[in-house]
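Novice: One structure, as C-alpha cells, below. Some questions next.
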Amino acid sequence: MRINKFLAEKGVASRRHADEMISARRVKINGIVAQLGATVEETDEVCVDDKPLSRAEVKEEFYIMNKPKGVVCTVSDDRGRKTVMDFLPEGAGRVFPVGRLDYDTEGLLILTNDGDTAFRLTHPTSEVPKTYMARIAGTMTEKDLNRIRSGIELDGVMTKKCKAHIVETNKAYTKVHVTITEGRNRQVRRMFEAIGRTVEFLKRVSIGKLKLTGLNRGEVRAMTEEEIAYLKGV
Ligand code: URA
C-alpha cells in the first residue's frame, strides 16, 4: 500500500497532508526516511516524527471549529504563525484540518483523523455544498450576482454554477451568501475579483448540513454522533 494511503487509513493525515509530511522528511519506514510514493507492508515499522505508529485501531475523532482569521489551516507552520491545531481541546488526538480556509477567512472547519472521510469530502468529485458569507465593498445588483451564479473562468476553467443571494446591500458594502460545490484555491475571493469586486470579509457558515451556529470565534467542539454519521454518508 502507498505510504500516503497507509497514513490516511491510520488516521494520521489526509493523503495530501501525508505527502506534505513525507516531503518534510517526518516519516520513516523501517528507520529510513520515506520517499513520496513509497509503499509499505503491514510488517514494516512506520514512524512519524520518530514515534512508531501503533498498529491498533486509532479512535476516530471529529471536531467542528470556528476558525478565526489570522490563523493558518495546517498542522504546523514553518513561519511560526498560529495554526488551527492551537485551538484544539487538550487530549485531542492526531487530527488534521479537512480542506483549507485562507489565512484571512474565518468560519466552519472540520478536523478529524478519519482519512477516508477527509479524502471523500475534499475530492474534486465531492459535491458537498459549502456556504460562505461574503462582504463585498460597495453596492451589488442582481445582474452582478448573475455572473457569479453562472460561472466564472478561473485559470482557464469555469467554476460550476452556484447559488448566491444578497442578504443586505447599501452604498458601503453588500453581504452575499454564496454556496459552491467545489473547493478551488481562494475560489470565492477570486470569483468576485474576476468581476472587479473586492471581498472585504469572508466566513464559511456551513458545510452540507453542518452549521457554525453556537460556536464563537476560536471555539472547537466535538461533533455529535448524528453529525458524524451524516459526514460519513456524504
Ligand atoms: N474561498 C475563498 O476565497 N477562501 C476560502 O478560504 C474558502 C473559499
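Every number in this text was worked out from the coordinates using simple rules, so none of it is lab data. Please read these numbers as outputs of a predicted model, since none were measured by experiment. Heads up, the Cβs are rebuilt from the backbone with ideal geometry, glycines too, and the neighbour counts pull from every protein chain shown.
Novice: Name the residue from 220, 22, 159 whose Cα lies farthest towards the positive end of the charge dipole of the chain, charges +1 on Cβ of Lys and Arg and -1 on Cβ of Asp and Glu.
Specialist: Farthest along the dipole direction, towards plus: 159.
Novice: While we're here: Check residue 13: other-chain or 5+ apart residues with amide H under 5 Å from its amide H, H built from backbone geometry?
Specialist: Here the answer is 8, since their amide H atoms fall under 5 Å of that of residue 13.
Novice: Rounded, prolate or oblate: which fits the chain when a ≥ b ≥ c are the square roots of the eigenvalues of the alpha-carbon gyration tensor, with rounded for a/c under 1.5 and prolate only if a/b beats b/c? Show your work: numbers first, answer last.
Specialist: On the way: a/c = 2.20, a/b = 1.94, b/c = 1.14.
In terms of gyration-tensor shape, prolate.
Novice: Next question, about the same structure. Long-range amide H contacts for residue 154: which residues qualify at under 5 Å (H placed 1.01 Å from N, peptide plane, sequence gap of 5 or more or a different chain)?
Specialist: Here the answer is 159, since their amide H atoms fall under 5 Å of that of residue 154.
Novice: Given a Förster distance of 22 angstrom, what is the FRET efficiency for residue 198 paired with residue 155, based on the Cβ-Cβ distance and rounded to 0.05?
Specialist: Details: r = 20 Å, r/R0 = 0.89.
Taking R0 as 22 Å, the efficiency between residue 198 and residue 155 is 0.65.
Novice: Which trypsin sites (Lys or Arg not before Pro) does the stretch 1-37 hold that lie in a coil by DSSP with at most 14 other beta carbons within 10 Å? Write down the numbers at each step before the final one.
Specialist: Working: sites: 2, 5, 10, 15, 16, 25, 26, 28; in loops: 10, 25, 26.
Passing sites in the stretch 1-37 are 25.
Novice: Taking a threshold of 19 Å on the Cα-Cα distance, which of the pairs 130/211; 28/82; 10/51; 69/203; 163/203; 82/211 fall above it? Before the final figure, lay out each step's value.
Specialist: Numbers: 130/211 10 Å; 28/82 27 Å; 10/51 14 Å; 69/203 9 Å; 163/203 16 Å; 82/211 24 Å.
From the list (130/211; 28/82; 10/51; 69/203; 163/203; 82/211), the Cα-Cα distance tops 19 Å for 28/82; 82/211.
Novice: Also: What FRET efficiency comes out for residue 5 versus residue 168 if R0 is 41 angstrom and r is the Cβ-Cβ distance? Round to the nearest 0.05.
Specialist: Numbers: r = 46 Å, r/R0 = 1.12.
That gives a FRET efficiency of 0.35.
Novice: May I pose another question? In debye, nearest 20: dipole of the stretch 3-52 around its Cα centre with unit charges on the Cβ of K, R (+) and D, E (-)? Don't skip to the answer; put the middle values down first.
Specialist: Numbers: 8 positive and 9 negative charges, 45 e Å.
Dipole magnitude for the stretch 3-52 comes out near 220 debye.
Novice: About the Cα centre of the chain, what is the dipole size in debye to 20, counting +1 per Lys and Arg Cβ and -1 per Asp and Glu Cβ, all else neutral?
Specialist: Result for the chain is approximately 1020 debye, rounded to the nearest 20.
Novice: From the phi of every residue in the stretch 76-85, what ³J(HN,Hα) in whole Hz does the Karplus formula 6.51 cos²θ - 1.76 cosθ + 1.60 yield, where θ is phi - 60° and glycine or proline is x?
Specialist: 8, 10, 6, 9, x, 7, 5, 10, 4, 5
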